[in-house]
1. Using amide H atoms built in the peptide plane, which far-off residues or other-chain residues are under 5 Å from residue 38 H to H?
2. Assigning unit charges at the beta carbon (Lys, Arg +1; Asp, Glu -1) and nothing else, what dipole magnitude in debye, to the nearest 20, does the chain show about its Cα centre?
3. Which residue fluctuates the most in the chain, going by a Gaussian network model with Cα springs under 10 Å, if the choices are 76, 206, 61?
4. May I ask you to derive the relative contact order of segment 120-254, considering only C-alpha pairs under 8 Å and at least 6 residues apart, and to give it as an integer percent?
5. Percent relative contact order of the chain, based on C-alpha pairs within less than 8 angstrom and at least six residues apart?
6. Say the dipole of segment 1-113 comes from +1 at the beta carbon of Lys and Arg and -1 at that of Asp and Glu; which of 83, 47, 107 then lies farthest toward its positive end?
7. To the nearest 0.05, what FRET efficiency results for residue 128 and residue 202 with a Förster distance of 30 Å applied to their C-beta separation?
8. Using a Debye calculation, one point per C-alpha and no hydration shell, please list log10 I(q)/I(0) for the chain at q = 0.14, 0.17 Å⁻¹ in order.
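The values are calculated or read from the model by the stated rules, or taken from the named source; none is laboratory data. Quantities reported herein were computed from a predicted structural model and do not represent experimental measurements. Neighbour counts run over all protein chains shown; Cβ positions are idealised from the backbone, glycine included. Side chains are part of the model used for accessible areas, which takes the heavy atoms of the whole protein and leaves out ligands, DNA and RNA. Shrake-Rupley method; radii C 1.70, N 1.55, O 1.52, S 1.80 Å.
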Amino acid sequence: MPGPSVRFDAVAKRYGATDAVAAVSLEIAAGSFVALVGASGSGKSTLLKMINRLIEPSQGRVLINGDDVLAADAHRLRRGIGYIFQNIGLFPHFTVGENIAIGRRLARLKNHGARIDELLDLVELPREFAKRFPDELSGGQRQRIGVARALATEPGLLLMDEPFGALDPITRDSLGKAIRALHDRLDLTTIMVTHDMAEALLLVDRVLVMAAGRIVTDASPRALIAGEGSAEARALVAVPREQASALRALERPA
């Protein structure tokens, strides 16, 4: 079974007189990999966090497989959704294995040891890492543990909020490819917030560009590369395009 569909039905979030998200309506198909892209303050993280009720909408509905998230118990809802964020949030005094198993313990699931081994295999880390502590690992390894923890309860929906922002470029590229492979292998529905348009173009099936709390472009990576979309989308695509052009210029003989 693929991961669930997600629908935003005229969803808005206001802080005083400011619309952080302004009447967004769209559907994300089951099993798709979608990026929310935009400048800082465009509303993309706010929109993402309304899916797992870390933020609740001022109006409208968020539905997972047709069920309103506000009708579910918030803790139960979150245990059914994988969530990865930039700062990872591993508990420093827990071992890697204990960090991975937190969600399973809260959900009262069994066979923690076997599942921890399976997840370490899945994120391509040695099983003996289960006995280590987070400060013994590199940033990329800790983020892979964050991915393992997010998948521990076997969710069909994976949310990622700037998951690679604190990583060096080589680790960032490697982990991005690993998560895309996991998405395909596990048939997840994955929604990723990023400010990096190149990252979005290379990883996802569909790009949603946000500006001033609204979706201003909804297109495939191929369509965006072809120049389709809003002015905001074209400006975001121009950055990696210009960088690629500058690199090609450096390769030419002086």
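1. 194, 210
2. Numbers: 32 positive and 30 negative charges, 81 e Å.
Value, rounded to 20: 400 debye.
3. Comparing 76, 206, 61 in a Gaussian network model of the chain, the most mobile one is 76.
4. Details: 115 pairs, mean separation 20.6, N = 135.
About 15 percent, as a whole number.
5. Numbers: 472 pairs, mean separation 66.2, N = 254.
Answer for the chain is 26 percent.
6. 107
7. Working: r = 32 Å, r/R0 = 1.08.
The computed FRET efficiency comes out at 0.40.
8. -0.97, -1.32
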